[in-house]
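To start, the structure under review is shown below, and the notes come after it.
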Amino acid sequence: MTHPLSDAIRPLRRRARLLMIVHALAWFVFIVLSAIVTFGLLDYLLHLLRFQDRGVLAIVSLAIAGLAVWAGYRYLWTALAIELTDLALALRIERRYPHLKDRLASTVQFMATRDDDEFAGSARLRRQVVNETVSQVERLSVGDVIDVRGILRPIWGALAIVSVAGALGVIDPTSAWTVLKRRGQRAASPSSTR
């Protein structure tokens, strides 16, 4: 049987993890697709001017690959690697509800302590703090702790760049496919010809 406080924190942890992953994916898509669209347009314009320096275009392809690796590490890896402990979530709840002071964080730590731990202080006093804090937390809307407004900017950015890329593909599908194909060929072999 789990503690009521753990039951209140568990959905918060799932929601926070989901929002972190959505935030990371949105930034990843925005950054990588922005680079592809920007360099694709540049490649298209330079091709119209008959600029065919394979070295520069290979460097651009490597830059896009490097940017994708960086964005994957910076956003995706870090979002998946962050451990959302009960204590971290308790501190987050305390920031939203300052009247809890340090009681919630202390309660989470007390719950992880055995009753017979001689260095933890009075077990009866710890149980009293836990019970009082649980009764305070039950009256709060813990779900309000996570602010979803922070992920809206990268989501809108990702949707905008996906729309731009889609519009470019619809306006001139042959050129869009050719640019992507050349990009892929250069990534596989920098010395490939047009």
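The values are calculated or read from the model by the stated rules, or taken from the named source; none is laboratory data. Keep in mind the model is a prediction, meaning the values are calculated, not measured. All Cβ positions, glycine included, derive from the backbone under ideal geometry; neighbour counts span all protein chains shown. The area values use the complete protein model at the heavy-atom level, side chains included, leaving out ligands, DNA and RNA. Shrake-Rupley method; radii C 1.70, N 1.55, O 1.52, S 1.80 Å.
Here are the numbers for this structure:
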quantity: Net length gained if the chain between Leu152 and Leu19 were fully extended (0.36 nm per residue, minus Cα distance); calculated: 46.8 nm
quantity: Whole-number accessible area per residue in Å² for the chain, which is evaluated in the context of all protein chains at 1.4 Å; calculated: 63 Å²
quantity: Whole-number D in µm² s⁻¹ for the chain, Kirkwood Cα-pair radius fed into Stokes-Einstein, 25 °C, 0.890 mPa s; calculated: 119 µm²/s
quantity: Using a Förster distance of 35 Å, the FRET efficiency for Arg54-Ile171 (Cβ separation, nearest 0.05); calculated: 0.85
quantity: Dipole moment magnitude, nearest 20 debye, the range 66-163 about Cα centre, only Lys, Arg, Asp, Glu C-beta charged; calculated: 400 debye
quantity: Unit charges at the beta carbon, dipole of the chain: most positive-side option, Ala35, Ile171, Ala16; calculated: Ile171
quantity: Over the chain: helical MRE at 222 nm, DSSP H runs n ≥ 4 each giving -39500 (n - 2.57), nearest 500; calculated: -24000 deg cm²/dmol
quantity: Largest-first ordering by accessible area, 1.4 Å probe, given options Tyr75, Tyr44; calculated: Tyr44, Tyr75
quantity: At least 27 Å along the helix axis (C-alpha) and Kyte average at least 1.6, DSSP helices within the chain; calculated: 152-171
quantity: Percent carbon-and-sulfur accessible area, the chain, ignoring ligands, DNA and RNA, probe 1.4 Å; calculated: 64 percent
